1. Which of the three applies to the range 339-463, rounded, prolate or oblate, going by the alpha-carbon gyration tensor with a ≥ b ≥ c and a/c under 1.5 meaning rounded?
2. What's the center-to-center distance, using Cα atoms, between the range 301-371 and the range 198-240 in Å?
3. Would you calculate the separation in nanometres between label points at Arg154 and Asn96, each defined as 7 Å from the Cα along the Cα-to-beta-carbon direction?
4. Just subtract the alpha-carbon distance of Phe86 and Glu176 from 0.36 nm times their residue separation and send over the number in nm, one decimal.
5. When ranked by the protection proxy of mean other Cβ atoms within 10 Å per residue, highest first, what sequence do the peptides 391-404, 206-219 form?
6. Once R0 is set to 22 Å, what does the formula 1/(1 + (r/R0)^6) return for the Cβ-Cβ distance between Glu395 and Lys372, expressed as a FRET efficiency to the nearest 0.05?
7. Carbon and sulfur: what percent of the chain's accessible surface (1.4 Å probe)?
8. Please list, by residue number, every one of the trypsin sites (Lys or Arg not before Pro) in the range 99-153 that is coil in DSSP and has at most 16 other beta-carbon atoms within 10 Å.
Amino acid sequence: MNRYIRNQVNRAALRSLRKRGSHVPRFLLTKRASVREDLLKNPVIADAVQLHALEHGYTEEASWLKVQSYIDEIVPFFNILAYYRFGYTASKWLLNMFYKVSAEHLAPESVNKVPRDAIVVYLMNHRSNADYLLVGYVLTGKVAISYAVGEWARAFPLEYIFKSFGSYFIRRNYREPLYHTVLEQYVQLITKNGITQGIFPEGGLSRDGKLRPAKIGLLDYILGVARDETFRKRMYIVPVAINYDRVLEDRSLLRELASREGRARTPVITQMGEVGRYVWWNAARLVMRRWKRYGRATVNIGEPIPLSGWFEQQDRETGGLFNIERHERLERVQLLADEVMQKIGAIVPVTPVSLTCAAIQSLDAHFIPREKLLLRMTEMRDVLRSLNASVIRAEGAIADTLDLAMKMLRMRKMAFESRSGIAVSEANRSLISYYANSIAHLLGPFEAGIRERDALPADKFSF
């Protein structure tokens, strides 16, 4: 009876998705036990088990038990209702509670040229853990994304939620070959079956606001399916750029950066007290109906990049991309990833807060006359327009952009406005630097000045 009810519910959900034009690959509905069985029968994994047992002095049975634990850890159990009903509704409510969400396809005509059976991988910059919700929410009407999620989410109930959304877990900085063989074979299995994947190539959140260098492990696994040439013409990479007027974890990220640079770590009890005050204060604002959103959360979706031409070029230059030594292949994959990161950087949305913070950083003063700041913001916006960068409120009055940004800067105690100008809080200068860094690479002649002031002092924080 339970199975009958579940099947009827799933069929009803599929019918509603078809009416909306959403595409759910059939493999995404495959039972977890079937995926597990496919992996356990995989000859590549079987060879890895034998090698692991030999190298470590284990029995093959013990190595297979390890494989089974890895499979249970990695493989999700996609649930249509969880993704399209609960997930969409919850993300819509949460995101619109905290932000004004905007999204733009920068090359909408090219999206229609991507074949329906394409293997699509979204590569994204990583600003916040809210990125998973934001991009998933923006694309829910088009496709279900299977994310590669780090170990931070392996806690109840996050693990169950992410797995029911079709996301798979990865262990970062875990070097055991047997684990990576299982992970690689799973990633290639879902890639061959047309599952759309979302990857953050930076490998983690940006601690200073800048784009981080790309890591290529998962991308190399995905590209590996092209050993079978029938997949090459179906493979596309889509660059996605994300930015916020406020990143919820910004202070925690700056603390991590400070500790990595050898500065004193903020005591845990102090951090917990700050979080408690933050929750209490915002709960009070909700009750008193004085809640204010945190500005913009923006997503730009770039032009899909077909990989068939890239594979052809690599084969011409090497005589066969998958015939050369692994380190040589990885060097070429790294160049591809770096190129995509440049494309992501070029389409990062410029929000009011990021533009204002970049202008403040470039002027490097404790107090800035309002007209001087507006002039610098205008100059920066002109540079951004000349580069065809994506600027929120690009056609509006620059004074309105400053006023929108100042609402957030005052709320965060980053800057304060008087009749004569803007006073910058030195205690929170690191936050201003953090948001300026998200767009500094787009600002041409102003970038050097922003970088010079980018000292990121992280010894004082306040909510």
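1. Values: a/c = 1.74, a/b = 1.27, b/c = 1.37.
Oblate.
2. If you average the Cα positions of each part, the centres end up 11 Å apart.
3. About 3.6 nm, to one decimal.
4. Taking Phe86 through Glu176 to full extension adds about 28.8 nm, to one decimal.
5. Listed from highest to lowest mean packing, they are 206-219, 391-404.
6. On the way: r = 23 Å, r/R0 = 1.04.
E between Glu395 and Lys372, to the nearest 0.05, is 0.45.
7. Numbers: 12120 of 22530 Å².
In the chain, the share of accessible area belonging to carbon and sulfur is 54 percent.
8. Lys113, Arg116, Lys142
The values are calculated or read from the model by the stated rules, or taken from the named source; none is laboratory data. Quantities reported herein were computed from a predicted structural model and do not represent experimental measurements. Because the Cβ atoms are built from the backbone with ideal geometry, glycine has one as well, and the counts that use them run over all protein chains shown. Accessible surface is based on the protein model in full, side chains and every heavy atom, while ligands, DNA and RNA are left aside. Shrake-Rupley method; radii C 1.70, N 1.55, O 1.52, S 1.80 Å.
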